[in-house]
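Q: Quick one: the structure is below, questions incoming.
The values are calculated or read from the model by the stated rules, or taken from the named source; none is laboratory data. Computed from a predicted structure; not experimentally measured. When we count neighbours, we look across all protein chains shown, and the Cβ atoms used for this are built from the backbone with ideal geometry, even at glycine. Protein only, heavy atoms only, side chains kept; ligands, DNA and RNA dropped before computing areas. Shrake-Rupley method; radii C 1.70, N 1.55, O 1.52, S 1.80 Å.
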Amino acid sequence: MPGAYRIEVMHGVNLNMLGRRDPEHYGTLTLMQLEQHISEFAAELDLEVRFLQTNAESEFIEHLQGLIGMADGLVLNPGAWSHYSWAIRDALEIAALPAVEVHLSDVKAREEWRRVSVVEELCVASICGKGVEGYKEALQVLHAELEKARA
Ligand code: DQA
């Protein structure tokens, strides 16, 4: 029986401030509470999850570089970097892991600049506007994708 898939859940800039951000867009959970929910979803799917949050773009990139061979898949919410960080896009391409992009808020229905995602086309799916449930969906999509690849 092969081991559980290893999923890295990466949160970018300002996601550590959840709980203090506009609840209309981001809900009321703190990052710690959000991660607790994600851990529960992962356990239901028998996935192993690890978390990173950073406000430093270089750390986010170096973490992605370090994942090669260390993770089977990736859930990422890069926050505002999603909309313009070509450096993160390159790092994601180099990591070459199945990835799902998640946004708590419905970025496609907000300001013009948020509607663009530079990582979207490298991801198996992009899920936005579903709050914490979006992470559950992301884990389900990744699980299905990894099972497909294993078959
Ligand atoms: C976000 C959406 C981004 O536009 C914003 O900059 C964030 C959070 C979200 O989860 O909805 O920081 O990624």
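Q: Return the total of residues in segment 2-44 being assigned to a loop (DSSP other than H, G, I, E, B) and of a type in the set (Lys, Arg).
A: Residues in segment 2-44 being assigned to a loop (DSSP other than H, G, I, E, B) and of a type in the set (Lys, Arg): 2 in total.
Q: Between residues in segment 124-151 that are of a type outside the set (A, V, I, L, M) and residues that are open to solvent by 50 Å² or more (accessible area, probe 1.4 Å), which pairs lie under 6 Å by C-beta distance while being six or more apart or on different chains?
A: If the second residue must be open to solvent by 50 Å² or more (accessible area, probe 1.4 Å), the pairs left are 126/120; 128/106; 129/106; 145/124.
Q: Within segment 30-39, identify whether any single residue is β-branched (Val, Ile, Thr), within 20 Å of residue 125 (Cβ to Cβ) and out of contact with any Lys or Arg (no Cβ under 7 Å at 6 or more places or on another chain), and answer yes or no.
A: Yes, segment 30-39 contains a residue that is β-branched (Val, Ile, Thr), within 20 Å of residue 125 (Cβ to Cβ) and out of contact with any Lys or Arg (no Cβ under 7 Å at 6 or more places or on another chain).
Q: In addition: Given the conditions (1) within 14 Å of the ligand (Cβ to nearest atom); (2) under 19 Å from residue 46 (Cβ atoms); (3) open to solvent by 50 Å² or more (accessible area, probe 1.4 Å), which single one is not true for residue 147?
A: Condition not satisfied by residue 147: (1).
Q: Of all residues in segment 87-103, how many are over 13 Å from residue 120 (Cβ atoms) and assigned to a helix (DSSP H, G or I)?
A: 5
Q: Also, I was wondering about something else. Residue 137: open to solvent by 70 Å² or more (accessible area, probe 1.4 Å) and either part of a helix (DSSP H, G or I) or of a type outside the set (Lys, Arg) (or both), yes or no?
A: Here the answer is no, as residue 137 does not meet what is asked.
Q: Then there is this: So residue 43 passes all but one of these: (1) among the hydrophobic types (A, V, I, L, M, F, W, C); (2) open to solvent by 40 Å² or more (accessible area, probe 1.4 Å); (3) touching a residue at least 12 places away in the same chain (Cβ under 8 Å); (4) more than 10 Å from the ligand (Cβ to nearest atom). Which condition number does it fail?
A: All conditions are met except number (3).
Q: Take the residues in segment 104-129 that are out of contact with any His (no Cβ under 9 Å at 6 or more places or on another chain), in a loop (DSSP other than H, G, I, E, B) and not β-branched (Val, Ile, Thr), then tell me which one is farthest from residue 36 (Cα to Cα).
A: Filtering first and then ranking leaves 111.
Q: Name the residues in segment 93-123 that are within 27 Å of residue 67 (Cα to Cα), in contact (Cβ under 8 Å) with a residue 12 or more places away in the chain and among the acidic types (Asp, Glu), would you?
A: The answer is 93, 101, 120.
Q: Follow-up question, since we're still on this one. List the number of the failed condition for residue 28; all other conditions in (1) open to solvent by 40 Å² or more (accessible area, probe 1.4 Å); (2) away from the ligand (no atom under 15 Å from the Cβ) hold.
A: Residue 28 satisfies all of (1) open to solvent by 40 Å² or more (accessible area, probe 1.4 Å); (2) away from the ligand (no atom under 15 Å from the Cβ) except (2).
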